[in-house]
Structure formats: structure tokens, C-alpha cells
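Input: a single structure, listed below in C-alpha cells.
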Amino acid sequence: MQNFYSDKQVSYFQRISAMNLRHPRLIGFGISNAETFQTACNHSNGAIIGSAFIKMLSNSTQLKEDIINFVRILKDKTRRVRNS
């Protein structure tokens, strides 16, 4: 699991973004925490979470509260990206 994107990965995101593609760009790899989620959103139209969510579910002792908290953190990060 990675906690950040390498300079090489960020450079790749920037090159794709500079192409001004017609369709929205989504990043769906390497998202393991709020920081990688935010970085992915900074360089695309959104981020796809999968394994991070599944990992949270498998480690959860209070499922409902953990899901609410997980989504709340992502929503807060998304708002910060949109407002910056």
C-alpha cells in the first residue's frame, strides 16, 4: 500500500491532464488514504476507491460508524480540492 504518489506518477497525471481529453479523467489506483485521494482529485475529475474501502471494512469493529467516517473524510477532502 502506498501512502503517496511518486513524482513520476504525478508527472504522468499532469501529462494526461494537459491532453485536454473530452471525457472525464478518473484515477483508480494507489488510493489508500485521504492524502492519495486528494492528490488523485487534484489531477483528475475524480478518484475511484476500492481496496482502501474494502480494507477499512475488513478492519472495522463498528461498521456503520466507520463507513460514515470514511465517507465524511473523503467528502471533506473533495470539498477542499474544489474550493482551492
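The values are calculated or read from the model by the stated rules, or taken from the named source; none is laboratory data. These numbers were taken from a predicted model, which means no experiment stands behind them. Here the Cβ positions follow ideal geometry from the backbone for every residue, glycine too, while neighbour counts run over all protein chains shown.
Summary of values
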quantity	calculated
Top-ranked residue in region 30-84 [being under 20 Å from ALA18 (Cα atoms) and assigned to a loop (DSSP other than H, G, I, E, B); ranked as modelled with the lowest pLDDT]	SER84
Which listed residue, of ASN3, ASN59, is exposed (fewer than 10 other Cβ atoms within 10 Å of the Cβ) and touching a Ser or Thr at 6+ places or on another chain (Cβ under 7 Å)	ASN3
Positions within region 17-52 being β-branched (Val, Ile, Thr) and free of Cβ contacts under 8 Å to residues at least 24 places away in the same chain, in sequence order	ILE27, ILE31, ILE48
Test: PHE13 is among the aromatic types (Phe, Trp, Tyr) and in a helix (DSSP H, G or I)	yes
